[in-house]
Structure formats: structure tokens, C-alpha cells
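The values are calculated or read from the model by the stated rules, or taken from the named source; none is laboratory data. It should be emphasised that the depicted structure is a prediction, and the values quoted were computed from it without experimental measurement. All Cβ positions, glycine included, derive from the backbone under ideal geometry; neighbour counts span all protein chains shown. Ligands, DNA and RNA are stripped out before the accessible areas are found, and what is left, the full protein with its side chains, is counted by its heavy atoms. Shrake-Rupley method; radii C 1.70, N 1.55, O 1.52, S 1.80 Å.
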Amino acid sequence: QVQLVESGGDLVQPGGSLRLSCTVSERIMSFPVISWYRQAPGRQRELVASLTSAGRPNYADSVNARFTISKDIARNTAYLQMNNLKFEDAGVYYCRVGKAGREYWGQGTQVTVSS
């Protein structure tokens, strides 16, 4: 069973920065794509950013130029650097990987944006 553990969520003021981490229990390169999603209260879970095994990133329009997704292959860890955070960035952030028709999610990490 693949396990993902997210960390790095915190309370931050608007304009602040956070870096989220997602550590995967298997070789991160064995997954075609690793993704970050978020879910705000009362809203559907939405894709924030994804990164292919070849290193190609993709971002939601709402976070483009503010967020950066990356990975450390040696640590089997993906990161989401979030800069210039806005109120609407608040929510629970989840990491996801998938292969062989199955998907795996972490437990989520809470990001709160408040002044």
C-alpha cells in the first residue's frame, strides 16, 4: 500500500509564503504524475499543481506564477512552494499519486490564510 504524508501547513498572513512537503513510501519516479490538490470548506477538491515524471509542471490559473511544484527524487518527496498567499488559497492541501489504475492520497495538511 502506497502511503503519502503531507506536512508544512500553517497559519500565514496574506502575502506570506509556505512550503508543503509530500513524502511517498515508494520511489517517486515510479509514478507518472504527482499532484497537489486543495479543498476549501464547502467547495470541491480542486487540482492546484502537478508534475510529471519527466519534470513537466502544470498549474491551475489561480496559482500560476505564485506556486511552484518540485520533487526531490532521493528523498521521494514532492514540494509545493506557495508565495504571495491569498485568502482564497486557504484549505486542506492533499498530495496524490496514481499508477496501474489506482490512486493514492495523503491525509492532507491545513493551510490557513488570515490577517
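What does the highest-first list of 86-92, 10-16 look like by mean Cβ count within 10 Å?
Output ranking for 86-92, 10-16: 86-92, 10-16.
Taking amide H atoms as placed 1.01 Å from N in the peptide plane, list the residues 5 or more away in sequence, or in a different chain, whose amide H sits under 5 Å from that of G16.
Close amide H contacts, sequence-distant or interchain: L85.
Could you tell me the center-to-center distance, by alpha carbons, between region 87-115 and region 18-69 in angstrom?
8 Å
Probe radius 1.4 Å, ligands and nucleic acids left out: which of T52, T77 has the largest accessible area, and how do the rest follow? Don't skip to the end; give the middle numbers.
On the way: T52 40, T77 10 Å².
Descending order: T52, T77.
For Cα pairs less than 8 Å apart in space and 6+ apart in sequence, what is the mean separation divided by the residue count of region 21-115, i.e. the relative contact order in percent? Walk me through the numbers before you get to the answer.
Values: 174 pairs, mean separation 28.5, N = 95.
That works out to 30 percent.
Output the Cα-based Rg and Dmax of region 1-40 in Å, rounding Rg to one decimal and Dmax to a whole number.
Taking only Cα atoms of region 1-40, I get Rg and Dmax of 12.9, 38 Å.
Per the Cauchy relation, a quarter of the hull surface: what is the mean projected area of the convex hull of the alpha carbons in the chain, in nm²?
Numbers: hull surface 27.2 nm².
Average of the hull's projected areas for the chain equals 6.8 nm².
I'd like the Karplus ³J(HN,Hα) series for region 48-64: coefficients 6.51, -1.76, 1.60, θ = phi - 60°, whole numbers in Hz, and an x wherever there's a Gly or Pro.
After applying 6.51 cos²θ - 1.76 cosθ + 1.60, I find 9, 7, 9, 9, 7, 5, 7, x, 8, x, 9, 10, 5, 4, 5, 10, 4 Hz.
Going by average Cβ neighbours within 10 Å, how do the peptides 60-69, 96-105 rank, with the highest at the top? Please report the intermediate quantities before stating the final value.
Numbers: 60-69: 15.1, 96-105: 13.6.
Output ranking for 60-69, 96-105: 60-69, 96-105.
Just the number please: accessible area per residue for the chain, 1.4 Å probe, all protein chains included, in Å². Show your work: numbers first, answer last.
On the way: 6230 Å² over 115 residues.
About 54 Å² of surface per residue is accessible.
May I ask you to give the percent of accessible area on the chain that is carbon plus sulfur, with a probe radius of 1.4 Å?
Details: 2780 of 6230 Å².
The C+S portion of the solvent-accessible surface of the chain is 45 percent.
Enumerate the calculated ³J(HN,Hα) couplings along region 104-109 in order (Karplus 6.51 cos²θ - 1.76 cosθ + 1.60, θ = phi - 60°), each rounded to whole Hz, writing x wherever the residue is Gly or Pro.
9, 10, x, 7, x, 9
Ordering M29, M82 from largest to smallest accessible area (1.4 angstrom probe), what's the sequence? Provide the component values of the computation, followed by the final result.
Details: M29 65, M82 0 Å².
Descending accessible area places them as M29, M82.
Which value results for Rg/Rh of region 65-114 when Rg is the Cα radius of gyration and Rh the Kirkwood radius based on the inverse mean 1/r?
On the way: Rg = 13.0 Å, Rh = 12.7 Å.
Radius of gyration over Kirkwood radius for region 65-114 works out to 1.03.
Express in Å², to the nearest 10, the accessible area of Y37 obtained by rolling a 1.4 Å probe over the protein heavy atoms while all chains stay in place.
Using a 1.4 Å probe on the heavy atoms, I get roughly 50 Å².
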